[in-house]
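Peer 1: Got a structure for you, written out below as structure tokens; questions coming shortly.
What follows is calculated from the coordinates using simple rules that are stated; it is not laboratory data. Keep in mind that what you see is a predicted model, and the values were worked out from it rather than measured. Ideal geometry is used to build each Cβ from the backbone, glycine not excepted, and the neighbour counts take in all protein chains shown.
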């Protein structure tokens, strides 16, 4: 599965910030898929530009969320 598709599936669970999504992706693949954290953020940026995800504000500790 492409990183793009995997992130969209993870975001179906609700808003999340980039590093949490990166960790969820690693956990769900059992480490079989090594995705660079930069790739996670650049993919989120592309998804935002395409209008597929949008900012969901920020967490209580100031981390930006995507939803």
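Peer 1: What does the highest-first list of 45-51, 30-36, 16-22 look like by mean Cβ count within 10 Å?
Peer 2: Descending mean neighbour count gives 16-22, 45-51, 30-36.
Peer 1: Here is a follow-up. By how many nm would the segment from residue 60 to residue 12 lengthen if fully extended, with 0.36 nm per residue of separation less the alpha-carbon distance?
Peer 2: Between residue 60 and residue 12, full extension yields 15.2 nm more.
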